Ligand SMILES: [Zn+2]
């Protein structure tokens, strides 16, 4: 059985929905949602509103902590590789053709499905 976790929305408990109302009769309270799976903010928020509440409350602290963008980033040939796929022999998963494409030069290089799914595999070098 998967573990239940709490929604990280700071105001989740203030939204008066029936599923948040918990406890024994006479002393029910609206409570933070608890789920085994949540689909927002990498599984940390029960819905978009709770995620946006968190952003509104903590975004400055988070940016100060992790570092703000203070100058323009540049897309160059060296960091313009993205992964993509298309269908080259009919629309089924077996016919998916995976490739790298460079957004600057438009050069394409074939990829295996495993490389496509590997988030650490990249042709990009440097910033
Ligand atoms: Zn929530």
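The values are calculated or read from the model by the stated rules, or taken from the named source; none is laboratory data. Remember, it's a predicted structure, so these values are computed and weren't measured experimentally. Glycine gets a Cβ as well: all are built from the backbone with ideal geometry, and neighbour counts include every protein chain shown.
The table below lists the values:
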{"item": "Residues satisfying the stated conditions in the stretch 96-118, i.e. part of a helix (DSSP H, G or I) and surrounded by 12 or more Cβ atoms within 10 Å (Cβ to Cβ)", "result": "113, 115, 116"}
{"item": "Single match in 64, 53 (criterion: out of contact with any strand residue (DSSP E or B) (no Cβ under 9 Å at 6 or more places or on another chain), at pLDDT 95 or above and not in a loop (DSSP other than H, G, I, E, B))", "result": "64"}
{"item": "The one condition in (1) more than 25 Å from residue 123 (Cβ to Cβ); (2) at pLDDT 95 or above that residue 25 fails to fulfil", "result": "(2)"}
{"item": "Residue selected from the stretch 7-29 under the condition assigned to a loop (DSSP other than H, G, I, E, B) and over 10 Å from residue 50 (Cβ atoms), by the criterion nearest to the ligand (Cβ to nearest atom)", "result": "17"}
{"item": "Among the candidates 74, 37, residue that is within 16 Å of the ligand (Cβ to nearest atom), loosely packed, with under 10 Cβ neighbours inside 10 Å and either in contact (Cβ under 8 Å) with a residue 24 or more places away in the chain or in a strand (DSSP E or B) (or both)", "result": "37"}
{"item": "Hits in the stretch 91-114 - residues which are touching a helix residue (DSSP H, G or I) at 6+ places or on another chain (Cβ under 6 Å) and over 12 Å from residue 80 (Cβ atoms)", "result": "98"}
{"item": "Residue 91 surrounded by 12 or more Cβ atoms within 10 Å (Cβ to Cβ) and assigned to a loop (DSSP other than H, G, I, E, B)", "result": "no"}
